[in-house]
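Accompanying notes for the structure given below.
The values are calculated or read from the model by the stated rules, or taken from the named source; none is laboratory data. Keep in mind it's a predicted model, so treat the numbers as computed, not measured. Note that we place each Cβ from the backbone using ideal geometry, even for glycine, and neighbour counts take in every protein chain shown. Heads up: the accessible areas ignore ligands, DNA and RNA and are worked out on the full protein's heavy atoms, side chains in. Shrake-Rupley method; radii C 1.70, N 1.55, O 1.52, S 1.80 Å.
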Amino acid sequence: MAKKLVIKVTAGADAPERCSQAFTVAAVAVASGVDVSLWLTGESAWFAVPGRAAEFDLPHAAPLPDLLDSLLAGGRVTLCTQCAARRDLTEKDVIEGVRIAGAQVFVQEVMADDTQALVY
């Protein structure tokens, strides 16, 4: 079984079920003791901005702010460098604990031993 899980979420409010699935799987993995790294790319990049997760609503789904809080507390959350730049986001614009990093770091994470990568 993989000891690390890297999840890239490419969907946001544009595809709410896919987005929620990614955050839910990541949060469940953290709660299960798995080393989790969640990457916010595409439209999910907006959830790195304070208050934006609270605007997300999907019936019968765990609240996105709660899932994000658990990931920030027990895992790592990364905002894609290019996705941030396309939205004029810098480190001063994002939630404390969210890092901004690019493809080199993503590839390094997914290629590490005992790592499973998922893309939503």
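Some values worked out for this structure:
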| read-out | value |
| --- | --- |
| Close pairs from region 81-105: first without any contact (Cβ under 8 Å) to a residue 60 or more places away in the chain, partner part of a loop (DSSP other than H, G, I, E, B) and open to solvent by 60 Å² or more (accessible area, probe 1.4 Å), Cβ under 6 Å, at least 6 apart | 95/50 |
| Elements of type strands (runs of 3 or more DSSP E) contained in region 26-120, each with 2 or more residues being surrounded by fewer than 19 Cβ atoms within 10 Å (Cβ to Cβ) and modelled with pLDDT of 95 or more | 98-101, 115-119 |
| Region 24-77: number of residues that are touching a residue at least 60 places away in the same chain (Cβ under 8 Å) and farther than 21 Å from residue 102 by Cβ | 1 |
